[in-house]
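Let me begin by presenting the structure, written as structure tokens, before commenting on it.
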């Protein structure tokens, strides 16, 4: 095997994709992961890093361009690291994502199952309804450069609504006018850490400023900030302060104060109304979320008589959608404020066959099992890390006919599919929904059933 060296320029052909969207090629038998390459292209690549069995590189020159190569259309690509697929057509992006999910299910999950479909987005730009923009000295505001905590100044992100860009400019204008210091992560001093913005489909917006100070402490020239924000976006619903004085990568703090207006905005989803506070979990792509939930509920095959258990229910979005098709829905969530929101959302929508419990998913499921509650279907939508084995064990013990697993990480999904398989649940159907166009991420949903029910 030839000894590749850093900064070598080599010619190679990209044959496929890694799970993060990098092209995969081979040089003298060694796997080379190439940033910016598209399957089928012959390229000259610059070696950036050499490991024992693999190397990493970037495209220096495309010798034989793929017909799927396109202009990224963003001046910050690829420096900001948020979008990984802007150099390829959307059709090629969907092919990559379908391969990503199927590879994970086969290689990690041991499941010989192909996706029934991958549902592409109607809009691939301006679709995100939540922005979290770090602030750096200057002041600068935008996104961290790939694999760093260096803040790249990004006046406008093509994935965010234009309202976010105007609100960003308003906050920076206030900081510059009144010499408000940005947070310095290494020194743990300064004030403004992040700008957090939620936007609604009705044009509303909720702004939260994350600061390195107690929530009750008044901001410098607070009224001036509110005035600038209201001028920047007439649909502003409220301005909230989040206190985060810890040395942490977690963005939001635990304490909040409403500076102006209300601390929530209203949103509709699948014909239901939801109230979203700053820390509420809500899918970042509303339109694709409706597609995802429709597929999940179709997998659950509800007829109006079933008992459904929704673990990791958040503010009750899936639970309340399921309640329209089921006899009884039980939701479990560990965040108290989310459970409070879920109960309020049930009342707001006149739904009386859904109940919500606050606690760890496994503990709530264990309690229900001890009360001999046997759901017909269990829906799980866990964090990226997937399910704890204890949660899988208790679901298996409850013996539902169907388990519907919604996931934003195909690798942890596949790992858990394998664990369910070892406990008598086989995957029957799988589909993907592209919730995150122009990035390497994809949402997927898998139906598993007790093997005795097949």
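Each reported figure results from applying straightforward, stated rules to the coordinates on display, with no laboratory input. For clarity, every value in this text was computed on a predicted model and none was experimentally measured. Don't worry about glycine lacking a Cβ; one is built from the backbone with ideal geometry, like all the others, and counts go over all protein chains shown.
Some points to look at:
- FRET efficiency, residue 51 to residue 251 (Cβ-Cβ, R0 30 Å, nearest 0.05): 0.40
- Once both labels are positioned 7 Å from their Cα atoms along Cα-to-Cβ, the gap between residue 153 and residue 15 label points is 4.6 nm.
- Ranking of 330, 47 by count of other Cβ atoms within 10 Å, fewest first: 47, 330
- Over all directions, the projected convex hull of the C-alpha atoms in segment 1-124 averages 8.8 nm² in area.
- Rounded FRET efficiency, nearest 0.05, which uses the C-beta distance separating residue 303 from residue 390 and R0 of 41 Å: 0.85
- Segment 130-269 shape via C-alpha gyration tensor axes, a/c threshold 1.5: rounded
- Cα Rg, Dmax (largest Cα-Cα span) when computed across segment 321-394, Å: 12.6, 36
- Nearest-0.05 FRET efficiency for residue 374 and residue 126, computed from C-beta distance (R0 41 Å): 0.35
- Cα pair distances exceeding 20 angstrom across segment 300-454, given as percent: 47
- In this rough spin-label picture, where each label sits 7 Å from Cα along the Cβ direction, the residue 26-residue 145 distance is 3.5 nm.
- Inter-probe distance in nm under a simple model that places probes 7 Å from Cα toward Cβ, at residue 353 and residue 114: 3.7
- Among beta bridges from DSSP that stay inside the chain, the antiparallel ones total about 65%.
- Rg over Rh [alpha-carbon atoms, Kirkwood Rh] for the chain: 0.99
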